[in-house]
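**Student:** Below is a structure I'd like to ask you about.
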Amino acid sequence: MICDPGKLDKKGCLGAPDLIIEILSPSTSRTDRLEKFNLYEQVGVKEYWLVSPDDKMVEIFYLGEDGRYGRPKIYCETDTVELKVLAKMEVDLGAVFGAVMV
């Protein structure tokens, strides 16, 4: 998700997106948790979600003022999560996971 339209041109996004959501699968989990995590932190992605459909859980990493991700906030299917990068936008995880075919 890119919140600043000034980051967009005809070729795509200039700079890091504000939010990235990765849906974990056994074949991509290692890449998402290690390589992409480090890359997204390095380039300044403000909010990074790791969604585990099997566990019906979401780990959310927020970029701190030091340019590093802190400990994740962990949510489950009964939670509603407010996006930090988009004020007043909430995601009902029950609706998300209720629609997921596992």
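FYI, it's all coordinate maths here, none of it is from the lab. The structure displayed is predicted, hence computed values, not measured ones. So basically every Cβ, Gly included, is an ideal-geometry build from the backbone, and we count neighbours across all protein chains shown.
**Student:** How big is region 5-98 by the Kirkwood estimate over distinct Cα pairs, in Å?
**Tutor:** 14.2 Å
**Student:** For an R0 of 35 angstrom, estimate the FRET efficiency from the Cβ-Cβ distance between M89 and E65 and round to the nearest 0.05. It would help to have the intermediate numbers written out before the result.
**Tutor:** Values: r = 22 Å, r/R0 = 0.64.
My answer for the efficiency is 0.95.
**Student:** Need one number: % antiparallel among DSSP beta bridges in region 5-98, to the nearest 5.
**Tutor:** So the antiparallel bridges amount to about 75 percent of the total.
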